[in-house]
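Novice: Mind having a look at this structure? Questions to follow.
Derivation of every value follows stated rules applied to the coordinates shown; laboratory data play no part. Because the structure is a prediction, the values reported are computed rather than measured.
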């Protein structure tokens, strides 16, 4: 059975985005998204999402740019079982993500990039709460162009 042929769903997505230069070299940004899918044959919602993002970027010196971002996600997902939707064990989940990135132009053709991010994911049910976690990610790169 081909699931693509048997799918009778409609998807709704809406969002807004704003960018604002508050000062020379300092920018604020924000986005908001909401989405959901409805099954037209079975009463139910296979998934929903709500995501809000905010950030600030600043050029501190002619060579150094710093970006700080944060994101909140609320995600829910269901699966079809015997004609009704049931919630996955790892859903609903709330994710909070914060990060900082530094870009330093060492020379005209050499850029040093450093970043750090923290991800906190909370499973909001009593069935498997141990699936919640905190992840810390550190990145770095040196880009040389010729």
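Novice: Could you give the length gained by full extension between residue 79 and residue 117, i.e. 0.36 nm per residue of separation minus their alpha carbon distance, to one decimal place?
Specialist: 10.6 nm
Novice: Students often get this wrong, so try it: which of (i) 1.14; (ii) 1.42; (iii) 1.04 is Cα Rg over 2.2 N^0.38 Å as calculated from the structure shown?
Specialist: Checked against the structure: label (ii).
Novice: For the chain, what is the mean residue ellipticity at 222 nm derived from helices alone (per DSSP H run of n ≥ 4: -39500 (n - 2.57); sum divided by total residues; nearest 500 deg cm²/dmol)? Spell out each step's value before the answer.
Specialist: Values: 1 runs with 4 residues, N = 146.
The helix-only estimate for the chain comes to -500 deg cm²/dmol at 222 nm.
Novice: Residue separation times 0.36 nm, minus the C-alpha to C-alpha distance between residue 87 and residue 58: what's the value?
Specialist: Additional length available on full extension: 6.2 nm.
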